[in-house]
Structures are given as structure tokens and as C-alpha cells.
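One structure below.
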């Protein structure tokens, strides 16, 4: 199990973050980027799972710029609140918080980023705008609108075939614009990786995780 720490971004903003030390031999550092529900129990569990695979994981609380201590569920009212909090925070500030988490991990070796939903889009921006060594994004809706940005590191993307918020036409747009980026599509819905959501899809989750771990093993050595 991890603990809460505090980070300081370059602009002086102080934010909390869930830190899960690597179990056994440390492979690399990994910044785990939240959905629009905060660093809730699911995101902490994701960080702990990566830690069990040898990655020192930090999940920064990206809502802290708008409201501290946010931990939401998946019902409609919480979803609306999460969207409002996301809209209240400038992207540059969010990227600054991600950079602070990466900087915390960097002294011990390479740093990767993995993100889900909002975090999936942020993983793309981390790859194109920040200094990280690899990035994996799950069902990031904003990627298709920013395909002209060139990744500075290896990137892997995961999408769900039945995701109503990210049509397959958007996935095709990303494929065409970024032929060097491995993109995987699963017979699943948005949020398929989250075992606290009704969209949870165990086979898709297992396969995507295997691919992500193999990707990080290749690029974070």
C-alpha cells in the first residue's frame, strides 16, 4: 500500500500525490494519471498494481488546483462534478503538476506515464510537451484533436470499440496521423480498465495491461 506525499510544481503550486514504492527491484518510475474522478480507490489500486510489477508509482492529485481531497464515484452527479473540476483547471497547470511528479521520480532512473480517460489524453500531452521516457494512454478523447503534435518519446494508445465518446473515426484519425504509434482497439466500452465501473471488461483489461507492461519493459530500461 502507498502513502500520500506532497509535490511542488514549478509555479509554486503544492499538490498531494499517492506514492506507491516499487516492490522488489525497481524497474523505473511511473506517473499514473487519473480519470475525472480524482485519485480515488481505483486509481490508488492501479498505482499499487504497477508498484507490484516493480514500478515506483506516483498518482498526482490533479484536481488540487481547483479543490483538494476530491475522490468521486461513477454515478452521474459525480461524473458531472468531475467534468466541472476538469474544466476549471488550465491544461498548462495540469501539465506542470505532471512534470512535478515526473521530477520526483527522475533522480532514480527513467520515468514513464500511464493515464486513463482524462489521464489518457494527458498521457499524450506528456509525451508531446514534457520530458518523459514513454507514455501509455487509455481511451483519451482529446488525442484525435491533437494528432499534429509530435511525441518526444515512445507512445502506446488503447481504445474501446464501443466507446460512444471516442468514435472509431477518431481512432482512424490518430492512426493516419501517427503511423509510428502502436494503437490497440478492444471489443469494450470506455472505462473498460476500471473494475469499479459497469463498463469493466476483464479480458480487455488483461490484454491491455500485458501490452502496456511489455511496452514499458522495452522503453523504460
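Which residue is nearest to residue 83 (Cα to Cα), if the candidates are limited to the range 22-55 and must be without any contact (Cβ under 8 Å) to a residue 60 or more places away in the chain and in contact with a helix residue (DSSP H, G or I) (Cβ under 6 Å, 6 or more places away or on another chain)? Residue satisfying both the conditions and the ranking: 37. Would you check if residue 2 is farther than 22 Å from residue 132 by Cα, crowded, with 16+ Cβ neighbours inside 10 Å, at pLDDT 95 or above and over 17 Å from the mean Cα position of the chain (by Cα)? Here the answer is yes, as residue 2 does meet what is asked. I'm trying to understand the selection: among the residues of the range 168-194, which are exposed (fewer than 13 other Cβ atoms within 10 Å of the Cβ) and either assigned to a loop (DSSP other than H, G, I, E, B) or in contact with a strand residue (DSSP E or B) (Cβ under 9 Å, 6 or more places away or on another chain) (or both)? Hits for the range 168-194 are 179, 180, 187.
Scanning the range 8-39 for residues that are surrounded by 20 or more Cβ atoms within 10 Å (Cβ to Cβ), in contact with a strand residue (DSSP E or B) (Cβ under 7 Å, 6 or more places away or on another chain) and closer than 18 Å to residue 71 by Cβ turns up 15, 17, 18, 19, 20, 32, 33, 34, 35, 38, 39. Every residue in the range 82-117 that is crowded, with 17+ Cβ neighbours inside 10 Å and over 22 Å from residue 13 (Cα atoms), please. Listed by number, the residues that qualify are 110, 112, 114, 116, 117.
Whether any residue in the range 204-215 is touching a strand residue (DSSP E or B) at 6+ places or on another chain (Cβ under 8 Å) and assigned to a strand (DSSP E or B) is what I want to check. No, because not a single residue in the range 204-215 is touching a strand residue (DSSP E or B) at 6+ places or on another chain (Cβ under 8 Å) and assigned to a strand (DSSP E or B). Considering every residue within the range 140-159, establish whether at least one is crowded, with 17+ Cβ neighbours inside 10 Å, at pLDDT 95 or above, over 15 Å from the mean Cα position of the chain (by Cα) and in a helix (DSSP H, G or I). Yes, because at least one residue in the range 140-159 is crowded, with 17+ Cβ neighbours inside 10 Å, at pLDDT 95 or above, over 15 Å from the mean Cα position of the chain (by Cα) and in a helix (DSSP H, G or I).
Filtering the range 62-76 to residues that are touching a helix residue (DSSP H, G or I) at 6+ places or on another chain (Cβ under 8 Å) and over 19 Å from residue 195 (Cβ atoms) leaves 62, 63, 64, 65, 66, 67, 70. Beta carbons closer than 8 Å, at least 6 apart along the sequence or on distinct chains, never pair a first residue in the range 198-215 that is at negative phi and surrounded by fewer than 17 Cβ atoms within 10 Å (Cβ to Cβ) with a second that is in a helix (DSSP H, G or I) and at pLDDT below 95. Selection of first residues in the range 86-114 that are modelled with pLDDT under 95 and of second residues that are outside any loop (DSSP other than H, G, I, E, B), restricted to Cβ pairs under 8 Å at least 6 apart or on distinct chains, gives the following pairs, ordered by first then second residue: 108/29; 108/56. Out of 74, 55, one residue alone is within 24 Å of residue 21 (Cβ to Cβ) and at pLDDT 95 or above. It is 55.
The values are calculated or read from the model by the stated rules, or taken from the named source; none is laboratory data. In this text the structure is predicted, and so the values were computed from the model without any measurement. Positions of Cβ are backbone-derived with ideal geometry, glycine not excepted, and every protein chain shown enters the neighbour counts.
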